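Below you'll find the structure, written out as structure tokens, and then a few comments.
The values are calculated or read from the model by the stated rules, or taken from the named source; none is laboratory data. Please read all numbers here as calculations on a predicted model, not as lab measurements. As a convention, Cβ positions derive from the backbone with ideal geometry for all residues, glycine included, and neighbour counts pool all protein chains shown.
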Amino acid sequence: MKIPTRSILRILRTYHIANDNTPVRAIRMRETVDYESYIQTSFVFEKRKFALLFGSNVDEENVDELWAQKPPTATLLKNPLDETNYTMPFQGKYVVLLEIPTTKQRLDVYLATTFDSSISRSLWQKYIAAGYIQVNGTIVTSTKADISDTDDIVVTIPETSQEHTDLPIIYEDEDVVVIDKPIGMLTHAKGGISQEETIADALRHKMTFGSEGDRPGIVHRLDRDTSGVLIAARNQEAAVFLQKQFANRHAKKTYIAVIEGIPKITEAKIDLPIGRNPAKPSTFRVDAKGKSAQTIYKVLATNGAHSLVELKPHTGRTHQLRVHMAHIGTPIVGDRVYGAPGQRLMLHAYKLTIPLPSGEEKTFIAKLPGSFLEEFDGITL
């Protein structure tokens with residue numbers, strides 16, 4: 001037994017809810033369950049939500065029996081042809097029409113709790129901001145937008161490629177993976193949805209947790225244009241453990257850089273606080289009101305114009321090495337933000353010594369790119 005949408009429209013006209021000019025397409029979001037002796041169908045009309053029962057044994061007395069999931073706030077609408085009861089004859093059978101109150105909630109809450117609860121609310125917020133969600137045919141980018149259960153929600157999330165960049169693996173066990181990060185790749189997306197592959201994306205297939213997030217396994221980061229050693233966690237327990245090692249400064253990092261000129265002192269400790277630059281908030285500067293930052297540097301070789309240096313950060317402030325070296329008058333070669341642009345940023349995360357979840361402490365080395373030594377005769381690392 002079926003009830004066409006045109007028949008539903010005729011019923012609405014009889015109830016004076018629709019008029020003669022109302023098109024069939026005005027009935028949306030129709031859901032129908034066809035039982036042996038009756039039909040239960042729900043639909044939306046002009047932002048109002050309705051449900052009807054249609055069959056030979058339907059009347060207002062047995063609505064609760066036939067429709068076990070009937071919302072307690074649903075309202076039976078009186079038969080406009082006979083207001084003494086709620087059951088209306090139609091096409092040799094009977095109809096009961098109910099109106100169901102609509103509910104409103106924030107778009108991100110609805111998507112996370114009703115549409116697909118397997119995706120976190122924070123990721124839904126990023127999808128909304130990226131313009132992947134339409135409400136009633138209009139793209140909505142505000143996570144705080146109120147929607148009702150009568151709104152037509154369309155989600156269009158671009159398919160992510162199952163292919164991934166094969167990164168150079170330095171070490172791998174059941175808890176961690178250590179890579180030699182190439183230049184030009186972000187470690188992870190910067191808050192929103194990244195349209196480019198990140199290190200986190202390329203390692204996602206190795207992770208057993210955080211699959212819906214934008215940075216599974218990432219416990220520290222290297223700038224886009226910095227190459228070298230980067231460690232990631234493969235499970236939640238390892239992630240917590242490694243984060244503690246970095247937070248407690250048990251992870252020892254060594255970088256190699258090529259800098260402009262020669263420092264006045266060939267080996268020293270730079271102890272200067274770093275803060276965000278208010279004139280250009282995406283950059284940083286030495287600032288007395290900033291956060292404590294210490295870097296030990298040592299000149300390994302020089303040709304006058306450039307020097308090869310070893311850098312050991314004792315803290316992990318954003319852009320710390322770049323800001324410190326620029327502040328003492330020897331910016332890193334190729335640093336387009338704090339120095340002058342070049343073919344690449346000549347900064348390489350050479351070595352990382354860190355305790356592992358297994359109980360061992362290991363040292364990982366990412367081979368120095370050949371371009372770092374081209375200017376310096378007789379130097380090997």
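Just to confirm my filter: which strands (runs of 3 or more DSSP E) fall fully inside the range 1-60 and include at least 2 residues that are under 21 Å from residue 102 (Cα atoms) and charged (D, E, K, R)? Show your work before the answer.
On the way: elements: 27-34, 38-45, 48-55.
Qualifying strands (runs of 3 or more DSSP E): 27-34, 48-55.
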inquiry  = Looking only at the range 258-275, count every residue that is over 23 Å from residue 219 (Cβ atoms) and in a strand (DSSP E or B) and tell me the total.
reply    = 9
query = What residue, among those in the range 14-65 that are polar (S, T, N, Q) and exposed (fewer than 11 other Cβ atoms within 10 Å of the Cβ), is nearest to residue 87 (Cα to Cα)?
reply = 56
message = Looking at (1) among the acidic types (Asp, Glu); (2) at pLDDT below 95; (3) under 22 Å from residue 252 (Cα atoms), which one does residue 377 not meet, given that it meets all the others?
response = (3)
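For the range 282-299, which residues satisfy the criterion of being of a type outside the set (A, V, I, L, M) and closer than 14 Å to residue 327 by Cα? Steps first, answer last, please.
First pass over the range 282-299, keeping only residues of a type outside the set (A, V, I, L, M): 282-285, 287, 289-292, 294-295, 297-298.
283, 284, 285, 287, 294, 295, 297, listed by residue number.
Given the residues 212, 159, 197, which is the only one that is in a loop (DSSP other than H, G, I, E, B), under 23 Å from residue 369 (Cα atoms), at pLDDT below 85 and under 17 Å from the mean Cα position of the chain (by Cα)? So that I can check it myself, show each step before the final result.
Numbers: 212 fails: under 23 Å from residue 369 (Cα atoms); 159 fails: under 23 Å from residue 369 (Cα atoms).
None of the others qualify; the one that does is 197.
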message = It is to be established whether one or more residues within the range 296-310 are buried (at least 19 other Cβ atoms within 10 Å of the Cβ), without any contact (Cβ under 8 Å) to a residue 40 or more places away in the chain, farther than 30 Å from residue 174 by Cα and more than 27 Å from the chain's Cα centre (by Cα).
response = yes
Selected residue [in contact with a His (Cβ under 7 Å, 6 or more places away or on another chain) and farther than 21 Å from residue 148 by Cβ] from 89, 80, 4 = 80
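Residues checked against (1) of a type in the set (D, E, K, R); (2) outside the structural domain of residue 143 (by TED's automatic domain parsing); (3) within 26 Å of residue 6 (Cβ to Cβ):
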| residue | (1), (2), (3) |
| --- | --- |
| 26 | no, yes, yes |
| 33 | no, yes, yes |
| 37 | no, yes, yes |
| 45 | no, yes, yes |
| 48 | yes, yes, yes |
| 60 | yes, yes, yes |
| 95 | no, yes, yes |
| 111 | no, no, no |
| 114 | no, no, no |
query = Taking the range 111-135, which residues are among the aromatic types (Phe, Trp, Tyr), out of contact with any helix residue (DSSP H, G or I) (no Cβ under 7 Å at 6 or more places or on another chain) and assigned to a helix (DSSP H, G or I)?
reply = 115, 127
